[in-house]
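Enquirer: Sharing a structure, written as structure tokens. Questions coming.
The values are calculated or read from the model by the stated rules, or taken from the named source; none is laboratory data. In this text the structure is predicted, and so the values were computed from the model without any measurement. Glycine gets a Cβ as well: all are built from the backbone with ideal geometry, and neighbour counts include every protein chain shown. Areas reflect the complete protein model, heavy atoms only, side chains present, ligands, DNA and RNA absent. Shrake-Rupley method; radii C 1.70, N 1.55, O 1.52, S 1.80 Å.
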Amino acid sequence: SLQAAPPAAAASLTQITSFGNNPTGLQMYLYVPNNVKANPPILLALHGCQGSGPYLYSSTDFGSLADQYGFIVIYPSSNPSGSCWDVSSNQALTHNGGSDPVGLMSMITYTEQHYGGNPNAVYVTGESSGGMMTNVMVADYPDVFKAGAAFMGVPYYCFYTNSVRGWNGPCAGGQVSKTPQQWGDLVRNTAYPGYSGPRPRVQLWHGTADTTLNYNNLGEEIKQWTNVLGVSQTPSSTDTPVSGWTRTRYNDGSGTTQVEAY
């Protein structure tokens, strides 16, 4: 007799071990939805200090959005557990320089090779320390990412201390200000010297009342990425998508938004 098929169980977060070069001993968690697309996009989703990959999975909507749209989410955990990401050392701030970014890149390559992830549709997002690392990853690996969305982060190189996982008080406090050219030159000359190809688009989010990472950092991020992406610092448009939220967009000559800030 014919039996009805059991209802499909929801996909679950899975830990992957031995995913490649991982100099800092990061942990990799992967969410592959049941209805994953062929050649699926990949989202690298980065937790904040005191966080973890499983925490970010359970506290954000990326998993349910993956169910809806069929993309894959990588949720890494920093090491030691609950630590901030390394966004302050020379190794982390350089293309293939070592530290956390190298392990994060290994996770992306593994997902492309073992789950058919689309190398032309790789994205990165993160909150707080993960927002800082979002800026570092799009600076270090502009050839890998199509776009990045940093939530309450700081510009690439702002947190530099010449030490692994150092805390940069002046940057956190919003006291580091540079010209757009200076911020852009750091990306061009330090993160990946000699790279001249396309750059990822950038979306930036920051609350005005942030007491951990000062809101001044949003303006510095805008200066950095408008300069890197070659668009005016004057917004192409400003609107209020939700009451109390202000969105500015910075478009290129063809009208495509290259930098967007909330």
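Enquirer: Got a sec? Which of ALA149, ALA209, ALA139 is more than 19 Å from the chain's Cα centre (by Cα) and either at pLDDT 95 or above or assigned to a loop (DSSP other than H, G, I, E, B) (or both)?
Expert: So the residue among ALA149, ALA209, ALA139 that is more than 19 Å from the chain's Cα centre (by Cα) and either at pLDDT 95 or above or assigned to a loop (DSSP other than H, G, I, E, B) (or both) is ALA209.
Enquirer: Still on this structure, I have one more. Exactly one condition in (1) touching a residue at least 24 places away in the same chain (Cβ under 8 Å); (2) open to solvent by less than 80 Å² (accessible area, probe 1.4 Å); (3) more than 27 Å from ASN120 (Cα to Cα); (4) not in a helix (DSSP H, G or I) is false for ASP239; which is it?
Expert: (1)
Enquirer: When only residues in the stretch 61-80 that are assigned to a loop (DSSP other than H, G, I, E, B) and in contact (Cβ under 8 Å) with a residue 24 or more places away in the chain count, which is nearest to ALA149 (Cα to Cα)?
Expert: Top of the filtered list is PHE71.
Enquirer: Quick check on my filter: what residues within the stretch 119-162 are farther than 23 Å from ASP185 by Cβ, open to solvent by 40 Å² or more (accessible area, probe 1.4 Å), out of contact with any Gly (no Cβ under 6 Å at 6 or more places or on another chain) and touching a residue at least 60 places away in the same chain (Cβ under 8 Å)?
Expert: Within the stretch 119-162, just TYR123 meets the criteria.
Condition check ((1) of a type in the set (S, T, N, Q); (2) on the phi > 0 side of the Ramachandran plot; (3) out of contact with any helix residue (DSSP H, G or I) (no Cβ under 9 Å at 6 or more places or on another chain)) across all residues:
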position	(1), (2), (3)
GLY48	no, no, no
SER59	yes, no, yes
GLY70	no, yes, yes
VAL73	no, no, no
ASN96	yes, yes, no
GLN113	yes, no, yes
ALA121	no, no, yes
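Enquirer: Please go through the stretch 33-57 and give me each residue that is among the aliphatic types (A, V, I, L, M) and either surrounded by fewer than 19 Cβ atoms within 10 Å (Cβ to Cβ) or free of Cβ contacts under 8 Å to residues at least 60 places away in the same chain (or both), ordered by number.
Expert: Across the stretch 33-57, the qualifying residue is only ALA38.
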